Amino acid sequence: MSASAVDRYAVLGNPIAHSKSPAIHSAFAAQTGQRLSYERIEVPLDAFAARVGELIAAGYLGFNVTVPFKEQAFALAQRRTPRAQAAGAVNTLMPTSDGLLGDNTDGAGLVADLQRLGVQLAGARVLLLGAGGASRGVILPLREAGVARIAICNRTADKAQALAIEFGIAVQAAESTDTPYDVVINATSAGLAGALPPLPTGAVAVHTLAYDMLYGAQPTAFMQHCSGLGARVADGLGMLVGQAAESFALWRGVRPDAEPVLAQLRAAMKD
Ligand code: ATR
């Protein structure tokens, strides 16, 4: 490598054309005065491990990993952080002298965004809607943020039950609850089809923050529904920027400020 070679990073996925990660990491680099490049790389569905090996050999210093490769990245990692281990998925890879390190920064990104929104997580009652990978990945970071109760509600009750047993959290029946939650998080993919997730009657009150991990130029169906119930709502764009900030901090040892980058992305989405 020549002395002028720039430090190289990339996001790996399939498809990857619409990833906002290059814009986010370039903004972080500018903000913190770091010199690096960050690319999108579309990886063939059957070649994840081989491609990562080639990229590391070519000198890449780190990767974000997105759909559909997070479980393969978990399997490929030779060392994993506790939060990656709990998530069963890896969204951040970094070659080290002790082997390939796998981390999962999604939950930390969510926690950072909830804090940015002014949510007092210590002692909070949190309801997670959905029992897939997105839910699994945030349970440990939410617990470490000091929440008092995490309950899980899912269309397929057996999957909620299995996750609840694994993590020692509660199951919330989909029908109704007497006590509203402080935070209700939509971690289902129902919104991709414009559908609502299962939401127990009484779970959302005026003091609730209803948070959708999905995001878009318009409020999601879940956000619109919860606004109608009088709740404060937020989408997952801040979580996306938050997970990127956490990956950047792992790779570079410098923590960027997510807020201005989030404002920049939000403005660009409205154009
Ligand atoms: P991810 O890794 O994004 O979490 P996943 O593991 O496929 O994706 O999980 C998707 C979650 O969204 C599941 O909890 C799924 O509910 P089921 O376990 O009942 O399948 C939930 N989900 C997807 N579409 C939904 C819909 N239309 N209504 C309610 N829940 C839905």
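The values are calculated or read from the model by the stated rules, or taken from the named source; none is laboratory data. From a predicted model like this one, the values you see are computed outputs, not experimental measurements. Methodologically, a virtual Cβ is constructed for each residue, glycine included, from the backbone with ideal geometry; neighbour enumeration extends over all protein chains shown.
Exactly one residue out of 258, 205 is outside the structural domain of residue 7 (by TED's automatic domain parsing), of a type in the set (A, V, I, L, M) and within 16 Å of the chain's Cα centre (by Cα): that is 258. Only one of the numbered conditions (1) surrounded by 14 or more Cβ atoms within 10 Å (Cβ to Cβ); (2) in contact with a Phe, Trp or Tyr (Cβ under 9 Å, 6 or more places away or on another chain); (3) closer than 30 Å to residue 38 by Cα is violated by residue 196, and that is (3). Listed conditions (1) away from the ligand (no atom under 16 Å from the Cβ); (2) aliphatic (A, V, I, L, M); (3) closer than 16 Å to residue 142 by Cα are all met by residue 76, apart from (3).
When residues in region 35-70 are screened for being touching a residue at least 60 places away in the same chain (Cβ under 8 Å) and either in contact with an Asp or Glu (Cβ under 7 Å, 6 or more places away or on another chain) or not polar (S, T, N, Q) (or both), 4 of them pass.
Which of the residues belonging to region 50-73 are among the hydroxyl-bearing types (Ser, Thr, Tyr) and within 13 Å of the ligand (Cβ to nearest atom)? Hit for region 50-73 is 66, nothing else. The strands (runs of 3 or more DSSP E) located wholly in region 60-124 include none with 1 or more residues which are of a type in the set (A, V, I, L, M) and surrounded by fewer than 14 Cβ atoms within 10 Å (Cβ to Cβ). Residue 178 meets the stated requirement of being free of Cβ contacts under 8 Å to residues at least 40 places away in the same chain, more than 14 Å from the ligand (Cβ to nearest atom) and surrounded by fewer than 21 Cβ atoms within 10 Å (Cβ to Cβ). Note on region 134-158: residues that are in a helix (DSSP H, G or I), buried (at least 16 other Cβ atoms within 10 Å of the Cβ) and within 16 Å of the ligand (Cβ to nearest atom) total 9. So, residue 90, is that one modelled with pLDDT of 95 or more, β-branched (Val, Ile, Thr) and touching a Lys or Arg at 6+ places or on another chain (Cβ under 9 Å) or not? Judged against the criteria, residue 90 is a match. Looking only at residues that are free of Cβ contacts under 8 Å to residues at least 60 places away in the same chain and part of a loop (DSSP other than H, G, I, E, B) in region 239-271, which one is surrounded by the fewest Cβ atoms within 10 Å (Cβ to Cβ)? Looking at residues that are free of Cβ contacts under 8 Å to residues at least 60 places away in the same chain and part of a loop (DSSP other than H, G, I, E, B), I get 271.
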